[in-house]
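K.L.:
Below: one structure in structure tokens.
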Amino acid sequence: MTSTEGVQESGDQPCDRMEPVKSTHLPGNATPTGGSCAVLMGSSPKVTANGVHDIEDRILRITGYYGYNPGYSSHRREDGSESHAETPGSETSEESRTFQTCTNTALKVLGGLLMVLCISSSWVGTTQVVKLTFQSFSCPFFISWFSSNWNMLFFPIYYSGHVVITREKQTPIQKFRECSKLFGEDGMTLKLFVKRTAPFSILWTLTNYLYLLALKKLTATDVSALYCCHKAFVFLLSWIVLKDRFMGVRIVAAIMAITGIVMMAYADGFHGDSIVGVALAVGSASTSALYKVLFKMFLGSASLGEVAHFLSTMGFFNLIFISCVPLILYFTKVEHWGSLSSLPWGYLCGLAGLWLVFNILVHVGVVLTYPILISIGTLLSVPGNAAVDLLKHEVIFSVVRLAATCIICLGFLLLLLPEEWDSVTLRFLANIADKKAEDHGEELTESSINTRSRSRANGAVSIPLA
């Protein structure tokens with residue numbers, strides 16, 4: 001069957017001969033009406049220049065597909081003239097989805113900025129409270145051990161938040177067993193508990209202990225800046241051990257971090273407490289980097305519940321197996337304190353609480369917002385500590401120390417660049433160039449239109465060429 005619209009669109013002339021239409025129709029199906037020419041060939045339709053679409057029209061008419069209207073075939077839908085796919089309802093739903101996506105992105109960014117502020121504040125507070133605690137209680141390993149014990153609260157806090165948000169009826173023991181699959185399909189056994197937890201717990205304790213020792217030798221600003229070098233060490237270890245992708249810009253950032261370390265050590269002439277403090281801070285950054293690389297190697301990308309389970313397990317290991325170290329240091333007079341009532345429990349609990357809040361924000365923030373914002377929050381602790389040292393402790397920074405701090409921070413920022421940063425930058429610059437070219441073309445078009453209108457106003461007549 002060849003409909004009228006199909007003939008006219010294909011450019012054929014009206015026919016002079018008409019044959020009676022004898023066909024059966026399915027009940028309820030629409031039948032085409034009217035037309036200047038209709039040709040029926042007994043068993044098969046005549047294929048004209050537009051024959052493919054005419055055959056499709058006949059199939060659609062017989063089957064009643066899409067509530068058939070004459071000429072409603074694929075070429076119509078491709079042209080979009082009679083397409084019913086884009087209805088006002090679908091446009092509204094698409095706009096609502098776009099609005100919802102933009103809203104979610106905006107909320108995620110705002111939440112990330114708030115998370116950055118909280119992480120930076122908690123880390124600055126932790127560092128400054130350590131300096132205050134050392135004024136009356138100079139036992140860095142005991143402080144590190146006491147603060148690490150608070151990690152046992154990580155999983156109870158996670159479970160409380162999980163119950164409030166999801167309202168699941170799992171008991172704490174059931175949830176704990178579910179998250180213990182991080183240790184294997186059989187869950188956590190005594191052998192796996194010691195094998196998996198011991199190295200990470202030791203690295204965790206060493207990181208904190210070396211950081212506290214460095215704070216006894218250097219200012220909070222210098223130690224926090226040197227600790228930011230752990231990002232460069234993570235890249236180098238991941239490149240060597242995990243075979244991560246090589247990136248030239250990150251090699252440059254690692255060189256800048258090493259340069260800043262050397263300049264920081266040179267600030268006081270490579271002698272005295274300065275060189276010792278720099279070595280301790282770099283050691284803390286190194287053990288922190290080793291901890292993160294090993295975590296990625298053996299435990300992979302764990303969920304928030306599994307991370308909470310693991311940190312609580314490390315706190316439990318620290319309480320059971322590492323408690324002997326403070327006692328040994330006490331009896332050997334290396335770290336001696338008086339009675340338990342004479343300890344500055346206010347500072348100790350405040351320090352441990354801030355450290356726990358910092359760890360919670362870091363691990364929760366990675367799930368809720370962008371990981372790059374979490375790293376920026378750690379970096380912002382450097383100017384935060386500098387402001388406190390300058391205003392409260394009246395610390396005078398030398399030019400060499402300031403230059404070293406700026407170089408380390410710049411290297412830290414370079415390490416935050418994504419792997420495809422070069423191609424993304426090139427596409428961005430190309431889009432800007434294309435936009436400028438389009439704007440320039442529009443300006444030329446507008447100027448030409450204005451010129452023509454002025455020439456017509458002055459009586460000039462343009463004669464078109466034949």
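The values are calculated or read from the model by the stated rules, or taken from the named source; none is laboratory data. What you are looking at is a predicted structure, and each value in this text was computed from that prediction instead of being measured. We place every Cβ from the backbone using ideal geometry, glycine too, and count neighbours over all the protein chains shown. Just the protein is used for accessible areas: all its heavy atoms, side chains included, with ligands, DNA and RNA removed. Shrake-Rupley method; radii C 1.70, N 1.55, O 1.52, S 1.80 Å.
K.L.:
Filter the cross-link list Lys181/Lys292; Lys175/Lys243; Lys195/Lys292; Lys216/Lys392; Lys108/Lys131; Lys191/Lys231 down to pairs whose alpha-carbon distance in this structure exceeds 23 Å.
P.N.:
Listed pairs above 23 Å: Lys175/Lys243; Lys108/Lys131; Lys191/Lys231.
K.L.:
Hey, what do the phi angles of the range 364-381 turn into as Karplus ³J(HN,Hα) couplings, whole Hz, using 6.51/-1.76/1.60 and θ = phi - 60°, x for Gly and Pro?
P.N.:
Coupling constants for the range 364-381: 6, x, 4, 7, 7, 9, 7, x, 5, 5, 5, 5, 5, x, 5, 5, 5, 5 Hz.
K.L.:
Classify the range 110-424 as rounded, prolate or oblate from the Cα gyration tensor: take a ≥ b ≥ c as the square roots of its eigenvalues, call it rounded if a/c is under 1.5, otherwise prolate when a/b beats b/c and oblate if not.
P.N.:
Note, shape of the range 110-424 comes out oblate.
K.L.:
Right, next: Using the Cα centre as the reference, give the magnitude of the dipole from point charges on the C-beta atoms of the range 90-212 (Lys, Arg: +1; Asp, Glu: -1; all else neutral), rounded to the nearest 20 debye.
P.N.:
500
K.L.:
On to the next question. What is the distance in Å between the Cα centres of the range 261-296 and the range 388-427?
P.N.:
Cα centroid to Cα centroid, the span is 16 Å.
K.L.:
Under a Cβ-Cβ cut-off of 15 Å, what is the net charge of the residues other than Asp244 that fall near it, where Lys and Arg count +1 and Asp and Glu count -1?
P.N.:
Local charge sum for Asp244: +4.
K.L.:
When ligands, DNA and RNA are left out and all protein chains stay put, how many square angstrom of accessible area per residue does the range 110-424 have with a 1.4 Å probe?
P.N.:
Per-residue value: 48 Å².
K.L.:
Would the range 382-445 count as rounded, prolate or oblate if I go by the C-alpha gyration tensor, calling it rounded below 1.5 in a/c and otherwise prolate when a/b exceeds b/c, oblate otherwise?
P.N.:
prolate
K.L.:
Find which of Leu410, Val364, Gly111 sits farthest along the positive direction of the dipole of the range 110-424, computed with +1 on the beta-carbon of Lys and Arg, -1 on that of Asp and Glu, about the Cα centre.
P.N.:
The one lying farthest along the dipole's positive direction is Val364.
K.L.:
Using a 1.4 Å probe on the protein heavy atoms, what percent of the accessible area of the range 110-424 belongs to carbon and sulfur?
P.N.:
Carbon with sulfur: 71 percent of the solvent-accessible area.
K.L.:
For Arg177 and Ile240, what is the calculated FRET efficiency with R₀ set at 30 Å and r taken between the beta-carbons, to the nearest 0.05?
P.N.:
Here the calculated transfer efficiency is 0.25.
K.L.:
Only Lys, Arg, Asp and Glu count, each charged at its Cβ (+1, +1, -1, -1), so figure out the dipole size of the range 110-424 about its Cα centre, rounded to 20 debye.
P.N.:
Charge dipole of the range 110-424: 520 debye, to the nearest 20.
K.L.:
Is the range 281-349 best put as rounded, prolate or oblate by its Cα gyration tensor, with a ≥ b ≥ c the root eigenvalues, rounded for a/c under 1.5, and otherwise prolate when a/b is larger than b/c, oblate when not?
P.N.:
Note, shape of the range 281-349 comes out prolate.
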